[in-house]
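See below for the structure under consideration.
The values are calculated or read from the model by the stated rules, or taken from the named source; none is laboratory data. Computed from a predicted structure; not experimentally measured. Methodologically, a virtual Cβ is constructed for each residue, glycine included, from the backbone with ideal geometry; neighbour enumeration extends over all protein chains shown.
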Amino acid sequence: MSELPAAAAELEITEAWTADAPTGGRVLDVAYADIDGRAAAVAVTADALLAWDLDSAEPILRAAVPEPGPRRQATELCRVAVTDGADGPVAVTGDDAGGLQAWDLRSGERLRGRFGEYGRLRELAARQGAGAGRVLVARGAGASSSVYANPVGDGLVELWGVGLEPRVKSLPHGGFSVAVAVGEHDGRALAVVSAEYSMRPLIDSSDAEGKAYLWDLETGGQVGEVLLPVREGDLIGSVAVGAVDGRTLVVGVSNGLSVWEIGRPGSRPHSTVRPPGRIDALAWTGGPDRPLLLAGGGGPRMQDRSRLQVWDARDWRLLGEARPGWGTLNRLAAAPDARVIVPWNQAVRVLRYRVAD
């Protein structure tokens, strides 16, 4: 294992392993999966679903996307989320045309061919455990202006089952879907969706505002107030949800890292911290004794250094930062035993972090 440079003595980050994608394609998204007690790193390239043993880096799954039939346009995978099906763990993949597919993570068998309401796919979110068997699909853009008499589109979040049942629910928000996350609140699965709204998308792209919605994943009912950014005109980017001392917190990238407590009065964040550098991806991890937030980011150019930050979610102190490579870490997945899975060009990399006591 090679040690990576970190910015604080409280945090040590090392490389556990790096594995090339056997298909040779760029790794576009990653997820963590528990496959019958075996920890696994899951990834997608444009044409394959892949998995490795998280401890040994042994390849355990390679499932190729079937060739399209006559008169059908080829699509490329771009997103993956993991949940539990009736007979075991299931990976749900999304492609660049908005279609979904469900895969058995034990065998690589495709459980369900392309399904879903085709249209621009923004994000997928799912979980194993509470709220399993469902996948959230964020898609669509809603905007109106003096140029358009009607909205350009209606943003929504779809709730799908991973079996053969039809779409479970449609949760419209009317905006441009930005990010979606799944967590837990009061013993029930919770969906957090951030969206962007603009009244003049063709005239002034900066004329926009962000909102975040909370939905009960089982009933589709809205939970609490609509969350708003610190200031009017700010957006809410990547989101994550977790628990600290019995309180459910939502964290979003909005003029820094903004924190909302579910059930606490008020729609604005209850605290905001300013991280060094740009943040593009969030993941909640750690246990009740040491809840942590992982943040990935970097610069907008390929020659910029990427960054991985680890935050203490109890007091929002930055424990440290590593700069593991070039570009940006815009996708990441938390894994047990203080590990994080990240895409690495045409490979998957697993980083291990250690926080000082």
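Give the residue that is surrounded by the fewest Cβ atoms within 10 Å (Cβ to Cβ), with candidates limited to residues of the stretch 310-357 that are free of Cβ contacts under 8 Å to residues at least 60 places away in the same chain and in a strand (DSSP E or B).
Step by step, filter the stretch 310-357, then rank; the result is R317.
Would you check if V42 is within 18 Å of G99 (Cα to Cα), among the β-branched types (V, I, T) and out of contact with any Pro (no Cβ under 8 Å at 6 or more places or on another chain)?
Judged against the criteria, V42 is not a match.
Residue by residue through the stretch 61-120, note down the ones that are aromatic (F, W, Y) and not in a strand (DSSP E or B).
If the condition is that a residue be aromatic (F, W, Y) and not in a strand (DSSP E or B), then Y118 is the only one that fits.
Within the stretch 293-309, identify whether any single residue is closer than 23 Å to Q128 by Cα and over 21 Å from the mean Cα position of the chain (by Cα), and answer yes or no.
No, that holds for no residue.
Working only within the stretch 19-52, note down all residues that are over 21 Å from the mean Cα position of the chain (by Cα) and either in a strand (DSSP E or B) or modelled with pLDDT of 95 or more (or both).
Within the stretch 19-52, A19, D20, R38 meet the criteria.
Please determine whether any residue of the stretch 216-233 is free of Cβ contacts under 8 Å to residues at least 40 places away in the same chain, over 22 Å from D312 (Cβ atoms) and not in a loop (DSSP other than H, G, I, E, B). Step through it out loud before you land on a result.
Looking only at the stretch 216-233, we keep the residues that are free of Cβ contacts under 8 Å to residues at least 40 places away in the same chain, and these are 216, 219, 221-224, 231-233.
Among the residues that remain, those that are also over 22 Å from D312 (Cβ atoms) are: 216, 219, 221-224, 231-233.
Now restrict to residues that are not in a loop (DSSP other than H, G, I, E, B): 216, 222.
Scanning the stretch 216-233, I find at least one residue that is free of Cβ contacts under 8 Å to residues at least 40 places away in the same chain, over 22 Å from D312 (Cβ atoms) and not in a loop (DSSP other than H, G, I, E, B), so the answer is yes.
If D55 satisfies every condition in (1) touching a Leu at 6+ places or on another chain (Cβ under 7 Å); (2) in a loop (DSSP other than H, G, I, E, B); (3) at pLDDT 95 or above; (4) of a type outside the set (S, T, Y) but one, which is the exception?
(1)
Can you name every one of the strands (runs of 3 or more DSSP E) wholly within the stretch 263-309 that holds 1 or more residues which are surrounded by fewer than 17 Cβ atoms within 10 Å (Cβ to Cβ) and at pLDDT 90 or above?
Result: 271-273.
If we keep just the residues of the stretch 90-139 that are polar (S, T, N, Q) and in contact with a Ser or Thr (Cβ under 8 Å, 6 or more places away or on another chain), which is surrounded by the fewest Cβ atoms within 10 Å (Cβ to Cβ)?
Kept after step one, since they are polar (S, T, N, Q), are these residues of the stretch 90-139: 93, 101, 107, 128.
Next, from what is left, pick out any that are in contact with a Ser or Thr (Cβ under 8 Å, 6 or more places away or on another chain): 101, 128.
Working: Q101: 23, Q128: 16.
Among those residues, the one meeting the criterion is Q128.
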